[in-house]
Amino acid sequence: MQFLFPYFLFALVAIAIPVIIHFFNFRRFKTVYFSNVDFLRNIKKESQKRSRLKQLLILIARIMTIASLVLAFSQPYIPLNNRGQNNPNQVVAVYIDNSFSMNSKSGQGQLLEIARTKAVEIAKEYKPGTNFILITNDLLPKHQHLFNREQFIQQVSEIKTTPNVIPLSRVYNRLKESVNTMDGDAEKSSYFLTDFQRNITDIANFNADTSIWTYFIPLIPKVANNLYIDSCWFETPSRKLNEEETLFVKIINLSDEDYQNLPLKFYLNDSLKALANFSISAHGEIEASLKYTNFKSGFQFGRVELTDYPVTHDNTFYISYHLLPEVKALAIYDGPGTNEGLGYLKALFKDDAYIHLDAMNSKNIQISQLHDYNAIFLLNIKEPGSGIINELGKAAANGASILFFPDLEGNVESYNLLLAKFNTNKISGIDTTRQAIGGVAYENHIYSDAFRKKESNTSLPEINGHFRFTSAIRIAETKLLWFKNRDKALGSIAYKDGVLYTFSFPLNRQNAGFATDILFVPTIYGLVLNSIPRQKISYTIGTDHFVLLNQLNLTNKNYPVVIRDLKSGAEFKIETQVGNANKIRLDLSNIITHAGQYAVKSDNKVIAPLSFNYNRDESDLRYFTPDEIQNELASAGLTSTTLIKNTDARFSEIFSELQNGRQLWKWFVLFALAFIAAEALIIRFWKN
C-alpha cells in the first residue's frame, strides 16, 4: 500500500488527544452518604471493572476514528503495476479490433461500437497535448502518424469492419515499432480493445517492451453459434469438358446443436448445378460432395451456399476456373524412319474432339511455339539439344506436361541433361531383357477414373528393354508404372506449374505390345488430359496479396491490367510485375475487400477469373476468458501488461485506478464512521 499524500500521516499524533483524555478524566464525582456499605462492596468492585472496560473500548474507538480519518486524507492506494509518477509527456496507442467477429453483440451492444466508444473515453481522460496512435486490422499507413485528441476521435469514428485477420503479436510489434519512434522520454501506454478470439490471441509470441505499459480490455460477446463452409476443393488439379466433376466441401459446426438434412447448393455461372443434403453433429465437421458436369468451355464462376444465422459472412464459398475448349498436344520426333510412335498417338487422338494433336520434326521445330501446347511428347529423340531442353523447361514452368519417351540407342548424356533440368532421377544403366510391367498406381488420379477395380492378376504388356534410373531419396518422383523387378517404367515429377512424365522405354514397334494393350489408352489419354494447367480455384482476402498469371495470356502488353468486380461492376487498375517463367504478378494489396467473383481484364478482354473468400479464422467464434488471459500473461512473463476485468465500469474510474492504483480512502472514511457509531452506541447503551 502506498500514499498519494504521505505528509498527512504526521496527523497521527492526534491519537494522543483521546489517550490524554482517558488518563486525565476531569469529571467531578458527587459524594453520597450511605449508612451501611457492606452490602454494596461486591457491587462496587464489579462496577469498577465494567467501567474500566467501557472506557477502554471508547478509547479504542476514538483512536481508530482519528487513525482512519488521517489515513483517508493521506489517500492510500494499491498500485496495479510498478508505474511511477505520471509524466506530462505521454504517447498513447490504441488498438481497435475491427474484424468480422467484432460484429457480435454483448449486453451493451455491438462489440465494435463499444470499442469505438471506449477509445473515445480513453482519449478524453488524458490531458490536452497527449499524442495518440491508432491501429486497426487494416494497418493503414495514415494510422502510423501521431494524432491529437480531436484528430484521434475523428479517425476512430471512421473505423469500419474489415475482412483482414491478424494475430495480436503482429499488432503489438507494429504498435511497439510506432511508439518507439517517438520521444524517448515520453511515458508510453497502449490499449487493446478486442474480443480475444482464440485464433488471433498469441500472447506467448509477444516480444514485450517493458517501457510500454499495456492494458488489455476484453470485450466479451454473447455466445454465438456458427455453421460455416470452411473450404472447397477438387480431387484433381484440372477441369475437363463434358466430364463429371466432384467438388468437395468442408463444413464445420461450432454450436451445441445437431443439424439434420440441411441443403447445400452449388451454382455455376448463376445456374443451380448441384444440390445435396447434409447432417452434422454438434461441434463436428464433415466433408460433403457435389457432383456436376461441365458442358461449356470458358471462364466458370461458381459458389457453394448454405443457410445459417446470425453469422452470415461465411455461408458462401466462391470458386472459379478456366475450362479450355480443347487440349493441344504436340509430338516431336526425329525424322522419317524414327517416328514409329507417332502412328500410335495419331490413332489414339484421330477422332477426339477435345484433344488436338500436332506433330513436328525436331529438325524443323519452331521453339517459340512450344508455349501454345498443354502436352508435349518427346518421341524417341536420340539427342535433344540444349535449346529445346531450355524451352521445354519454360513450357513446363508455365503449366505444360512433358512426356518423355527415350530411345535405347539415344545419347544418355543428353538425356541426363534433360532430366537434370527437371531435377529428377538420371539414367544409370540399361536392361536389355524383355520384362512385363508388374504394377500400376491405381490410386493415382491418372488411373483412378479409368480403373474402377484393381486387378492383382491382370496380364500386363511386356517391354523389350528399358533404361534404369537412380533413386535419390531427396527427389520426390512418383512411380506410375513399374516392372516386376521394381524398376521404373513410368514416373512423374512436378516442375513448377507443370509435370515431367518419364518413360523408361521407347514407343516403337518393338514395344507394340504396350501400344496395343488396354493399358495404353488410359495412360496416354490420362496424362494428356491432366496436362491442363493447374489452377487455384479461390483466394483468401487479407492472406493472398498477389496473384500469378501466365504472361502469355496478355494479348497486348501495352494495355493496363484491371480487376472487375462482377457484382458491383467496379474496376480497379492493378500494378503488375513480370516474374520468372513468363509469369506476371498482380499486386492486390488493399484492393479486394469483399468476397465474390472478379475478372482480370486487359485490352477490354477477360484473361483470367478470380474468386475471393473471407478468412475463415473469423468464423471460429471461440474466445479466451479473462482468467485464461491472465494465465497467458503470467506464463509469458508480461509484467508490464495489465488485464482490466471490470470492463462494464465507466472508463474514468478504470483510468483513475490505472494511473493512481486502487484507491482505498473511501474504505477508511467508512471505517471512521463505523468507529464513531461504535463509540456512540457504547456511550448510549453501556450502563455501569
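The values are calculated or read from the model by the stated rules, or taken from the named source; none is laboratory data. Keep in mind that what you see is a predicted model, and the values were worked out from it rather than measured. Virtual Cβ from ideal backbone geometry, glycine too; neighbours counted across all protein chains shown.
Quick check, is Thr236 over 18 Å from Gln597 (Cβ atoms), in contact with a His (Cβ under 7 Å, 6 or more places away or on another chain) and in contact (Cβ under 8 Å) with a residue 40 or more places away in the chain?
Criteria met by Thr236.
Of the residues in the range 591-606, how many are in contact (Cβ under 8 Å) with a residue 60 or more places away in the chain and either at positive phi or not β-branched (Val, Ile, Thr) (or both)?
The qualifying residues number 5.
Give me the pairs, please: first residue somewhere in the range 481-493 and within 17 Å of Glu443 (Cβ to Cβ), second residue anywhere and crowded, with 18+ Cβ neighbours inside 10 Å and among the basic types (Lys, Arg), beta-carbon distance under 7 Å, and either six or more positions apart or on two chains.
Correct list of pairs: Trp482/Lys488.
Could you grab me the full set of residues in the range 182-225 that are under 26 Å from Ala282 (Cβ atoms) and of a type in the set (Ser, Thr, Tyr)?
Within the range 182-225, Thr201 is the sole residue that qualifies.
Restrict the check to the range 451-464 and report whether at least one residue is crowded, with 16+ Cβ neighbours inside 10 Å, in a strand (DSSP E or B) and either touching a helix residue (DSSP H, G or I) at 6+ places or on another chain (Cβ under 8 Å) or among the hydrophobic types (A, V, I, L, M, F, W, C) (or both).
Among the residues of the range 451-464, at least one is crowded, with 16+ Cβ neighbours inside 10 Å, in a strand (DSSP E or B) and either touching a helix residue (DSSP H, G or I) at 6+ places or on another chain (Cβ under 8 Å) or among the hydrophobic types (A, V, I, L, M, F, W, C) (or both), which makes the answer yes.
Can you name every residue in the range 212-225 that is within 10 Å of Ser640 (Cβ to Cβ) and touching an Asp or Glu at 6+ places or on another chain (Cβ under 9 Å)?
Within the range 212-225, just Trp213 meets the criteria.
In this structure, does Thr214 turn out to be of a type in the set (S, T, N, Q) and surrounded by 14 or more Cβ atoms within 10 Å (Cβ to Cβ)?
Here the answer is yes, as Thr214 does meet what is asked.
Suppose the filter is over 30 Å from Ser611 (Cβ atoms) and surrounded by 16 or more Cβ atoms within 10 Å (Cβ to Cβ); does Leu490 pass it?
So Leu490 fits the description; yes.
Which of the strands (runs of 3 or more DSSP E) contained wholly in the range 537-620 include at least 2 residues that are modelled with pLDDT of 95 or more and of a type outside the set (D, E, K, R)?
Result: 596-602, 605-613.
Quick check on Glu326: is it farther than 30 Å from Phe196 by Cβ and surrounded by fewer than 18 Cβ atoms within 10 Å (Cβ to Cβ)?
In short, yes.
Taking the condition among the aromatic types (Phe, Trp, Tyr), touching a Lys or Arg at 6+ places or on another chain (Cβ under 9 Å), surrounded by 17 or more Cβ atoms within 10 Å (Cβ to Cβ) and at negative phi, does Tyr318 pass?
It is true that Tyr318 is among the aromatic types (Phe, Trp, Tyr), touching a Lys or Arg at 6+ places or on another chain (Cβ under 9 Å), surrounded by 17 or more Cβ atoms within 10 Å (Cβ to Cβ) and at negative phi.
Quick one: Pro128 ticks every box in (1) buried (at least 16 other Cβ atoms within 10 Å of the Cβ); (2) assigned to a loop (DSSP other than H, G, I, E, B) bar one, so which box is it?
All conditions are met except number (1).
May I ask you to list the residues in the range 422-434 that are crowded, with 18+ Cβ neighbours inside 10 Å and not in a loop (DSSP other than H, G, I, E, B)?
Within the range 422-434, Ile427 is the sole residue that qualifies.
Please return the ranges of strands (runs of 3 or more DSSP E) entirely within the range 331-415 where 3 or more residues are within 44 Å of the chain's Cα centre (by Cα) and under 19 Å from Ile493 (Cα atoms).
Those strands (runs of 3 or more DSSP E) span 375-379, 401-405.
Given the residues Asn374, Asn398, which is the only one that is in contact (Cβ under 8 Å) with a residue 40 or more places away in the chain and under 14 Å from Ala331 (Cα atoms)?
Of Asn374, Asn398, the one residue that is in contact (Cβ under 8 Å) with a residue 40 or more places away in the chain and under 14 Å from Ala331 (Cα atoms) is Asn374.
Return a yes/no flag: does the range 141-163 have any residue that is assigned to a strand (DSSP E or B), exposed (fewer than 15 other Cβ atoms within 10 Å of the Cβ) and not hydroxyl-bearing (Ser, Thr, Tyr).
No, every residue in the range 141-163 fails to be assigned to a strand (DSSP E or B), exposed (fewer than 15 other Cβ atoms within 10 Å of the Cβ) and not hydroxyl-bearing (Ser, Thr, Tyr).
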